[in-house]
Amino acid sequence: MLLLRCPLLLLLLLLPLESRPQKLPTRDEELFQMQIRDKAFFHDSSVIPDGAEISSYLFRDTPKRYFFVVEEDNTPLAVTVTPCDAPLEWKLSVQELPEEASGEGSGDPEPLEQQKQQITSEEGTELFSYKGNDVEYFVSSSSPSGLYQLDLLSTEKDTHFKVYATTTPESDQPYPELPYDPRIDVTSLGRTTVTLTWKPSPTASLLRQPIQYCIVINKEHNFKSLCAVEAKLSSDDTFMMAPKPGLDFSPFDFAHFGFPADNNSGKERGFLKSSKFGRQTSPKPRVDLHRVCIGNKNIFTVSDLKPDTQYYFDMFAVNTNTNMSTAYVGTFARTKEEAKQKTIELKDGKVTDVFIKRKGAKFLRFAPVSSHQKVTFSVHSCLDAIQIQVRRDGKLLLSQSVEGVRQFQLRGKAKAKYLIRLKGSKKGASMLKVLATTRPNKQSFPSLPEDTRIKAFDKLRTCSSVTVAWLGTQERNKFCIYKREVDDNYSDEQKKREQNQCLGPDTRKKSEKVLCKYFHSQNIQKAVTTETIRGLQPGKSYLLDVYVIGHGGQSVKYQSKLVKTRKFC
């Protein structure tokens, strides 16, 4: 009979009472099950229950001792100690029970205090000892009866730990079993992603117990237990929900995975602010560590990582019935470097065409060969808005969004070198024309009004003509207007796809040309021109385009206009 399953007996052995009969009570299984369900029964107790994991806390250089009783010889025994955030020194020893504890007894009863002193004053026989931060086990298929003592000490710092003891290790199996190859494999490595695979736990595949896998990612080191991870994380952190089917982890959806600290990280609560012993611990800083539980699948892609950065990956199989876990052998990997950008050299006064992939970036370099007082950058974004940054000898001079044609004039500096970074649109690929010059009068792009729309006058619409107007500038430029018949179901979405402002009149058919004319006005309020386009078919739709051509030959297209002639006149 094993008395580890009856904590009341241990309490009788260890707590001072005036006197008691020498006959020890037998195990009350119903009472034991009730006590096991009541976690508070073992809180701050020196009794280790059979078949239940306990969590406790050690202060630095303050030893702690736990007891349990094995009443019969040749009893199987397994003890597991899990250090959390610091190495532990622990020792398991056994000493014989007093003779009165194993028989009926006779004569006058001996006070329990005397028995307690008799038991605990002896050193006992050491069975096992360990020092380190690994999850370590003592397993014996045949243990002698006696009072077992587990002594623990942390010499490094205050720390948490867990202890599990059982006399039925074959049937309990609360910890998930590891496969024959417990390593995590890195099957794919990119600049911002790492794909991991691992073999399933036999506890799930053979014993059909509910197992889920939890991944831990950080940039410092591997962890040997989930307990160590929990100790490292802030008390506010919780397990993340498993991603939806077909969507792997994108934390960083770690809203921080990269992993920048939150602005309010300084307000995080400390791991333990105070205790009944009056000790204080400082608040924990925010750590670059994240965990996510992904159910029972055994392949996973971690995304939104930083390029050329080393990450450590740990995998834990968690038995969802017992909430106890086993660690796979962790691994680490360095993400690939960012593809080195080829820098485009800009020549003074020459327009350069630039293509940027969706969300991509391009770098341009301008190094004037002569001294200069000013440098002018002209950028024509053909499609959506893009971001531009200009640095001179490493110093940031300009950072703006550009849509359409923009011109920036910066102060020059002898022997200066300029680095231009262009970041594309999130909507799609970007096309640009870029001009850099030290000659302020060198204007390749025509000037544009703020509003580049074409206005159609509905009241002037006939069965064979439409009248339109557009704005000009104070600079004399050449304007050319083109028309193209389109289907009645031609949509704004189709029109939007054709809004490449960099495609000039040279890409159009000669039959689509209506006319070209020069126009400007010194009074900007009167810089408006109108034009009537004739020879159209009744009830037909037409797409109209106006191109303005600068002195350098570069053209810019106004926003296209869809018009329709009257069907009946």
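Worth a mention:
- All conditions but one from (1) assigned to a strand (DSSP E or B); (2) over 26 Å from L562 (Cα atoms) apply to E403; the one that does not is (2).
- Hits in segment 473-485 (condition: open to solvent by less than 70 Å² (accessible area, probe 1.4 Å) and modelled with pLDDT under 90): T473, E475, N477
- Qualifying positions in segment 61-89 - β-branched (V, I, T) and either out of contact with any helix residue (DSSP H, G or I) (no Cβ under 8 Å at 6 or more places or on another chain) or over 17 Å from K131 (Cα atoms) (or both): T62, V69, V70, T75, V79, T80, V81
- The single residue among G424, G428 that is in the same structural domain as I388 (by the TED database) and surrounded by 17 or more Cβ atoms within 10 Å (Cβ to Cβ) turns out to be G424.
- In the set (1) part of a loop (DSSP other than H, G, I, E, B); (2) surrounded by fewer than 16 Cβ atoms within 10 Å (Cβ to Cβ); (3) not small (G, A, S), L503 fails one condition alone, (2).
- Residue count for segment 331-352, restricted to those that are at pLDDT below 90 and open to solvent by 70 Å² or more (accessible area, probe 1.4 Å): 6
- Within segment 536-552, being among the basic types (K, R) and in a strand (DSSP E or B) holds for no residue.
- In segment 320-330 there is no residue matching the filter, namely being open to solvent by less than 30 Å² (accessible area, probe 1.4 Å), over 18 Å from D134 (Cα atoms) and either in contact with a Leu (Cβ under 9 Å, 6 or more places away or on another chain) or touching a residue at least 24 places away in the same chain (Cβ under 8 Å) (or both).
- Enumeration of residues in segment 542-557 that are touching a Phe, Trp or Tyr at 6+ places or on another chain (Cβ under 6 Å) and of a type outside the set (A, V, I, L, M): D545, G550, Q554, S555, K557
- Segment 518-569, subset surrounded by 13 or more Cβ atoms within 10 Å (Cβ to Cβ) and charged (D, E, K, R), residue farthest from C480 (Cα to Cα): R566
The values are calculated or read from the model by the stated rules, or taken from the named source; none is laboratory data. Here the structure is a predicted model, which is why all the values come from computation and not from measurement. Positions of Cβ are backbone-derived with ideal geometry, glycine not excepted, and every protein chain shown enters the neighbour counts. To get the accessible areas, we keep the full protein, side chains included, count just its heavy atoms, and leave off ligands, DNA and RNA. Shrake-Rupley method; radii C 1.70, N 1.55, O 1.52, S 1.80 Å.
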